[in-house]
Amino acid sequence: MAAVLGLIGRQDPMSVVAWVAIVFVSILVHELGHALTARKMGAAVEIELNGVGGLTRWSVSASEFGPGRRALVAAAGSAVGFVFGGLVWLVASQFGPYTGMTRFVIEYLIFINVFWGLINWVPIRPLDGGHLVQALLEKFAPQRAEMIARVVFTVTAALALAWAISTRRIFIAVLAGWMLLSELNTGQPRRSPTPIPDLSYESIDDPGERGESIDVDPDDPDDPDD
């Protein structure tokens with residue numbers, strides 16, 4: 001998926017290879033943020049990188065991992081990405097200016113870790129922001145958490161879909177539409193014909209009880225609106 005997005009607007013094979021490497025490193029850093037935070041809290045963790053993003057599995061007893069801790073794990077991926085992007089900027093600013101491929105790598109390491117991190121904090125299930133909101137609702141409004149979450153995620157997914165369509169970001173529009181359909185089908189007796197795949201961190205509190213969120217590749221960062 002990263003290679004496909006990297007081909008958009010790029011003719012140089014080396015820039016595509018560099019783009020894929022940058023995405024790989026950035027997703028790994030993001031997933032390490034989830035994994036190391038969960039591990040610090042006593043969970044067993046496992047990271048899987050795939051063609052669309054990354055997945056961190058973590059498991060621990062539900063009684064030991066309340067909503068506050070789940071919120072921290074959800075937020076940690078993007079937070080670590082922000083730190084990493086900031087460090088790249090800080091080091092690069094001490095030795096620049098740069099040109100050519102070096103500039104390309106530095107700029108996109110910063111862009112992906114900061115911009116994609118912000119995208120992942122958008123309160124849409126199953127992004128990290130959705131897990132963060134869900135955990136906070138369970139902590140402060142446990143009786144109404146799912147009802148409030150469903151309304152919030154339906155509205156944010158619809159807004160994301162409208163924005164993606166208006167700015168012609170087809171990839172994001174497809175994902176946002178997928179998420180919106182998933183929310184509209186929540187609680188319905190029939191299952192969505194195209195369920196959202198597991199692409200980011202996953203918590204397993206009890207056998208058969210799972211939580212998921214995704215890391216996605218947004219539309220081509222060369223797009224001026226990015």
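Just so it is clear, none of the values below were taken in a lab; they were calculated from the coordinates. Quick caveat, the model's predicted, so the values are computed rather than measured. Using ideal geometry, Cβ is built from the backbone for each residue, glycine included, and neighbour counts are taken over all protein chains shown.
The figures follow:
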quantity	calculated
Label-point separation in nm, TRP178 to ILE165, each point 7 Å along Cα→Cβ	1.8 nm
VAL83-MET14 pseudo-label distance in nm [points 7 Å out on the Cα-to-Cβ vector]	3.4 nm
Residues LEU180, LEU55, LEU28 arranged by fewest to most Cβ contacts within 10 Å	LEU28, LEU180, LEU55
Sites GLN143 and GLU46, calculated FRET efficiency, Cβ-Cβ separation with R0 25 Å, nearest 0.05	0.15
In nm, spacing of pseudo-spin labels at ALA21 and ASN185 (7 Å Cα→C-beta vector)	4.0 nm
Spatial separation of Cα centroids for the stretch 96-136 and the stretch 25-55, in angstrom	15 Å
Least to most buried among SER59, SER26, SER93, SER182 (fewest other Cβ within 10 Å first)	SER93, SER59, SER182, SER26
